[in-house]
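Asker: This is the structure, below, for whatever I ask next.
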Amino acid sequence: MKYRVIVPVFAAALVLQPFLNTLLPWGAAPELIMSSGLMLCLFFESEKVLPVLITGSVMELLSDMAGAQYAGFSVIAFVLAVSLVIFVRQFINIENFIVAAGIYLAAILLYYVLIWILYAMAGSPYGFVYAMSKIPAAVIGNFIFGMILYIVFLVRLNRHRRDRYFR
Amino acid sequence: MRWIREHKILSAAIGILAAAVIIFSVSMSGSGSGGITGMFGNLYSYVEKHMTAAGRAISENVSGIFSYRELMKENEELRDEIDELKEEMNRMSLNEEELEDLRELSAALNYDFIGSSDDIVTATIISFDGLNWTNIFTINRGSDSGIEEGDVVICGDGLVGRVSQTGRNWAKVMSLIDESVKISFKSEDDTDMLGIIEGTSDGELSGYMLEEKSKIKEGSRLVTSGVGMYPDGIDIGRVSEVWYDSDTQLTRIKVTPSVDFMALDKVSVVL
């Protein structure tokens, strides 16, 4: 996976994020950078995902600088969520859709929990139960976006499935 | 070095985490408004403004199609409200001489209040912070318009919060629920009833009355008292619950903010 492909993709995600935040109701807008990063790491071998990790971290940092109260929160949560996916991928067969969806969902939840922990350390008054009660719409939005990416990658990577090679 | 080459992903993750922790610490220390953050914010706010406007335009047009009846009803109610306000304005109008006398008196007393329109900058919200449980947003005005850190932000419904960071053409605003800062208030019905409120862990406002056996009632409207960082007379919300805490011997209250933070579009910054 090359930087000349990954950088424009994540830059487009950074630019489109405010558009989606305003467009979709109930806070259901997916976190494009996080979702794309997780799905790319889920799909591709760990040797190829270093550009995803580095570029995604930089874009998350820029996103924090633009809109969040403090910079660095999303980077830490993103790196740890991606690390979870890369780690679990070594031990579990992710070619099964249900397994892949489960790992992806776990990584999304880890991301939001880490964000809450970091905000709590910074003095945010919101409790864990209140914060988690506000994220279902966002989790669903992220999940749907991730599954769309999954199907796109699946079709693209299996485009030669009709060439009779495997028969 | 060999270990780093053999464990590229792990090394990159550790390096990025270490850098992120340093950036996080620097950001928390409050030195994040200048330098790279300021420059990037100036550039990104331009992009954000247009992307948010596009999203809002589509969202409003689509929601308008499905809420035609509600919009017609709201339109009728607003027309009636305008007529009532016009009548009230006619009844309450001061002549120029009385207004000038009051202005001279306030200047003589050095009374700090929101006076002329020069003291207020109106701004549009260009982005929220992306988390559904916080109410931190960015507006399209900054230091070029005279906005400084700590300036109070209000809207038509009441008190919104304070400016936490500024750039040349952007500013981040923290709502009064997000801050763990205590706000001094008084009841609009009886200005002798004073108290303190702050944001709680479940996204509400909670506080206590300074007088032990206060007669505050549910439904009372609360406004800022002028003590502390907020000017006098800004609407905060309505009391939703009152109870006596025998442990602390204080009358405690819960307050519903008058501002719907998720539906905010335009705000005003008091300079």
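Yes/no matrix, rows are residues, columns are (1) assigned to a helix (DSSP H, G or I); (2) open to solvent by 80 Å² or more (accessible area, probe 1.4 Å); (3) touching a helix residue (DSSP H, G or I) at 6+ places or on another chain (Cβ under 6 Å):
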| residue | (1), (2), (3) |
| --- | --- |
| B:ARG5 | yes, yes, no |
| B:ILE22 | yes, yes, no |
| B:SER45 | yes, no, no |
| B:ARG56 | yes, no, yes |
| B:SER59 | yes, no, yes |
| B:GLU84 | yes, yes, no |
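Asker: Show the residue pairs that are 6+ apart or on different chains and have beta-carbon atoms under 9 Å apart, the first residue being within segment B:37-65 and in contact (Cβ under 8 Å) with a residue 12 or more places away in the chain, the second being open to solvent by 80 Å² or more (accessible area, probe 1.4 Å).
Answerer: Qualifying pairs under 9 Å: B:GLY38/B:ARG168; B:GLY41/B:ARG168; B:ASN42/B:ARG168; B:SER45/B:ARG168.
Asker: Would you please list the contacts, defined by Cβ atoms under 6 Å and residues six or more apart or on different chains, that run from a residue in segment A:128-153 that is within 11 Å of another protein chain (Cβ to nearest Cβ) to a residue that is charged (D, E, K, R) and open to solvent by 50 Å² or more (accessible area, probe 1.4 Å)?
Answerer: Close Cβ pairs (under 6 Å, with a partner that is charged (D, E, K, R) and open to solvent by 50 Å² or more (accessible area, probe 1.4 Å)) amount to A:TYR130/B:ASP202.
Asker: On to the next question. Inspect all residues belonging to segment B:119-134 and state whether any of them is in a helix (DSSP H, G or I) and either at pLDDT 85 or above or open to solvent by 40 Å² or more (accessible area, probe 1.4 Å) (or both).
Answerer: Scanning segment B:119-134, I find at least one residue that is in a helix (DSSP H, G or I) and either at pLDDT 85 or above or open to solvent by 40 Å² or more (accessible area, probe 1.4 Å) (or both), so the answer is yes.
Asker: Ok, one more. Does A:ILE76 count as β-branched (Val, Ile, Thr) and more than 14 Å from chain B (Cβ to nearest Cβ)?
Answerer: no
Asker: Taking A:ALA29, is it facing another protein chain (nearest Cβ under 9 Å), without any contact (Cβ under 8 Å) to a residue 12 or more places away in the chain and in a loop (DSSP other than H, G, I, E, B)?
Answerer: Spelling it out, it is not the case that A:ALA29 is facing another protein chain (nearest Cβ under 9 Å), without any contact (Cβ under 8 Å) to a residue 12 or more places away in the chain and in a loop (DSSP other than H, G, I, E, B).
Asker: Related question: Hey, which of the strands (runs of 3 or more DSSP E) in segment B:217-271, taking only ones fully inside, have at least 2 residues that are charged (D, E, K, R) and without any contact (Cβ under 8 Å) to a residue 40 or more places away in the chain?
Answerer: Passing ranges, in order: B:232-245.
Asker: Within the group B:SER206, B:SER246, which residue is hydroxyl-bearing (Ser, Thr, Tyr) and buried (at least 16 other Cβ atoms within 10 Å of the Cβ)?
Answerer: B:SER206
Asker: Tell me, which residue of segment A:94-116 that is among the small types (Gly, Ala, Ser) and surrounded by fewer than 22 Cβ atoms within 10 Å (Cβ to Cβ) is nearest to B:ASP129 (Cα to Cα)?
Answerer: In this case the residue turns out to be A:ALA106.
Asker: Here are the criteria: (1) touching a residue at least 24 places away in the same chain (Cβ under 8 Å); (2) closer than 21 Å to B:PHE128 by Cβ; (3) crowded, with 17+ Cβ neighbours inside 10 Å. Tell me which single one A:ASP64 does not satisfy.
Answerer: Condition not satisfied by A:ASP64: (1).
The values are calculated or read from the model by the stated rules, or taken from the named source; none is laboratory data. Because the structure is a prediction, the values reported are computed rather than measured. Reconstructed Cβ throughout: ideal geometry from the backbone, glycine too, with neighbour counts over all protein chains shown. Areas reflect the complete protein model, heavy atoms only, side chains present, ligands, DNA and RNA absent. Shrake-Rupley method; radii C 1.70, N 1.55, O 1.52, S 1.80 Å.
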